[in-house]
1. Only one of (1) open to solvent by 10 Å² or more (accessible area, probe 1.4 Å); (2) modelled with pLDDT of 95 or more fails for residue 121. Which number is that?
2. Being surrounded by fewer than 17 Cβ atoms within 10 Å (Cβ to Cβ) and not hydroxyl-bearing (Ser, Thr, Tyr) is the filter here, so list the residues in the stretch 41-54 that pass it.
3. Can you tell me which residue in the stretch 86-114 is farthest from residue 45 (Cα to Cα), limited to those that are of a type in the set (A, V, I, L, M, F, W, C) and over 14 Å from the mean Cα position of the chain (by Cα)?
4. Got at least one residue in the stretch 102-112 being surrounded by 15 or more Cβ atoms within 10 Å (Cβ to Cβ), touching a helix residue (DSSP H, G or I) at 6+ places or on another chain (Cβ under 6 Å) and of a type outside the set (A, V, I, L, M)?
5. Here are some conditions: (1) more than 18 Å from residue 120 (Cα to Cα); (2) surrounded by fewer than 15 Cβ atoms within 10 Å (Cβ to Cβ); (3) in contact with a Lys or Arg (Cβ under 8 Å, 6 or more places away or on another chain). Residue 98 meets all but one. Which one does it not meet?
6. Can you confirm whether residue 149 is in contact (Cβ under 8 Å) with a residue 24 or more places away in the chain and among the hydrophobic types (A, V, I, L, M, F, W, C)?
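The values are calculated or read from the model by the stated rules, or taken from the named source; none is laboratory data. Just so it is clear, the model here is predicted, and its values are computed rather than measured. All Cβ positions, glycine included, derive from the backbone under ideal geometry; neighbour counts span all protein chains shown. Note: accessible area is taken over every heavy atom of the protein model, side chains too, but ligands, DNA and RNA are not part of it. Shrake-Rupley method; radii C 1.70, N 1.55, O 1.52, S 1.80 Å.
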Amino acid sequence: MKKIIYSLAAMLALSFSFVSCGDDDDTISFPTTPEKAAAGTYTGSWTVTSDTETVEGSGTITLAASSTPYNVDVTIEGSFSTTALNVSTTSIANIAHANNGFVFNNNTDSNPLGAGFTGKIDESGAIGVNFQKEVRVGRKQYKYNYIFVGKKN
């Protein structure tokens, strides 16, 4: 029992020996809100994969500042050789600063896209967006993974 009490007393005394430095200013200041800074049209390519196939396509993603802070209207456009895979819709998403870039998402399946989606924009203006969507081709229902990679115009 004495060992425990001495050990606790030693740890308590040791914890008081650590000293903090003066105030550090770790606050990062951004010149504008993320929905305004990330707004623009991003052009690039789509890759759509399923268990049985991979399809390439082209398209755009347009981010427009919403009237609500930290929200953007995301317009997703993609065209493919298999027209059933084409996508064209606008949905709202949350957006935030992240590592000199931005992240945005809407994780509800009830959005106009019909699938939750996430995206990231890096400091160079490169964008990546992905989502998984069920698509009916003929009589069959398939799960497709959509991945977009592009750059701001």
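1. (1)
2. 51, 53
3. Taking the stretch 86-114 first, the residues of a type in the set (A, V, I, L, M, F, W, C) are 87, 92-93, 95-96, 98, 102-104, 113.
Cutting the leftovers down to over 14 Å from the mean Cα position of the chain (by Cα) gives us 87, 113.
Values: 87: 13, 113: 18 Å.
Per the criteria, the residue is 113.
4. Checked against the condition, which is being surrounded by 15 or more Cβ atoms within 10 Å (Cβ to Cβ), touching a helix residue (DSSP H, G or I) at 6+ places or on another chain (Cβ under 6 Å) and of a type outside the set (A, V, I, L, M), the stretch 102-112 yields at least one hit.
5. (1)
6. yes
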